[in-house]
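In what follows, a single structure is set out as structure tokens and then discussed.
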Amino acid sequence: EQLKAGYLYKRAETRKAKPWGQRWFVLEVMTDAGPEEGTVVRTGQLTYFNNSKDAAIKKSPTVIHLKDATKVQTALGKTHKTEHRVLLSTPDRESGLMELGHGDKEVADDWAKLLLFWIGPPKVAQGSIGGEAKVVRSAWMEVKWEAHRAAELTDDDLARSETISKSSPSFARSFFRKKKEEAEPATKPSRASVEASPPPLGADGTEGAEDAGADEEQTFAWAYVALLSEPGSGGGLTLRQYTDEAMTTEVGRLQLGYRVQAAVLDDPIEDYETAFRVVPDGKASDTWLLCPGSDAASADWIATIMPSA
């Protein structure tokens with residue numbers, strides 16, 4: 001599966017009159033059957049060609065095995081069109097370092113973030129090779145939509161030759177959660193045994209009339225949540241919300257992607273202490289807060305969404 005492709009400048013390992021040359025790079029993920037039923041193993045691979053035409057016919061590829069790579073950094077340089085650098089530590093280069101460059105910071109950062117995720121050991125995830133979408137698990141629970149924003153990259157400068165490096169931890173994303181309003185609905189259904197006995201839903205999938213007019217971003221609402229394994233979707237898994245257990249009326253969908261994160265809240269919300277946050281892979285994706293009936297249920301959902309965590 002191809003994740004990204006495009007031209008980057010590559011620095012030659014030996015000193016030449018023209019140390020930088022433009023090459024066509026392709027980042028791919030190879031998917032194989034996993035060690036257990038219902039799992040797959042995904043391995044990253046970076047390949048470059050002289051140009052896009054050579055890439056189309058797979059002529060003279062040079063392969064960088066990301067499973068053996070150990071580090072990704074970004075850097076600032078002086079050479080025109082290569083000012084924004086991506087430094088990849090890999091044994092596939094004699095020097096142990098591949099230095100790439102681009103004139104656009106956003107393009108370079110995007111390559112760096114993808115490479116940072118795919119270096120190291122292959123990743124085991126829920127999924128299958130080919131076939132139809134499959135429900136991995138499902139349950140009634142309370143759900144809250146939450147807007148997010150990506151954190152700004154910091155400028156931690158490290159001296160390296162003629163470049164100024166930025167260490168890989170700067171790629172960690174942070175998200176904000178709007179403060180929960182103090183006002184609560186007058187009544188709220190019990191969360192006891194919610195996976196077996198959900199409260200009745202209205203035609204629009206909400207808890208009932210008492211929630212009418214409430215701020216949707218601030219309010220938890222009942223939904224039948226299903227985690228589906230979809231071989232054709234990037235990353236393999238999606239979360240969906242339905243108004244019924246037959247899953248006939250879908251009211252929300254979250255494509256998780258390869259870099260999905262799921263974790264309990266650092267600052268638990270009163271009355272929703274068992275909630276956990278799901279942060280999908282994607283610059284403009286919303287996040288979901290899911291609140292099953294117990295800490296054990298939350299832990300099971302997190303382990304299913306992130307089996308290699």
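The values are calculated or read from the model by the stated rules, or taken from the named source; none is laboratory data. Fair warning: this is a prediction, and the values are worked out from it, not measured in the lab. Please note: Cβ atoms are built from the backbone with ideal geometry, for glycine as well, and neighbour counts cover all protein chains shown. The accessibility values were calculated without ligands, DNA or RNA, using every heavy atom of the protein model including side chains. Shrake-Rupley method; radii C 1.70, N 1.55, O 1.52, S 1.80 Å.
Numbers at a glance
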read-out	value
Residues satisfying the stated conditions in the stretch 28-67, i.e. at positive phi and free of Cβ contacts under 8 Å to residues at least 24 places away in the same chain	58, 60
Enumeration of residues in the stretch 20-45 that are part of a loop (DSSP other than H, G, I, E, B) and open to solvent by 50 Å² or more (accessible area, probe 1.4 Å)	35, 36, 37
Selection count, the stretch 243-266, where residues are free of Cβ contacts under 8 Å to residues at least 40 places away in the same chain, farther than 18 Å from residue 141 by Cα and either basic (Lys, Arg) or loosely packed, with under 14 Cβ neighbours inside 10 Å (or both)	1
Odd one out for residue 104 among (1) more than 14 Å from residue 11 (Cβ to Cβ); (2) open to solvent by 50 Å² or more (accessible area, probe 1.4 Å); (3) touching a residue at least 24 places away in the same chain (Cβ under 8 Å)	(3)
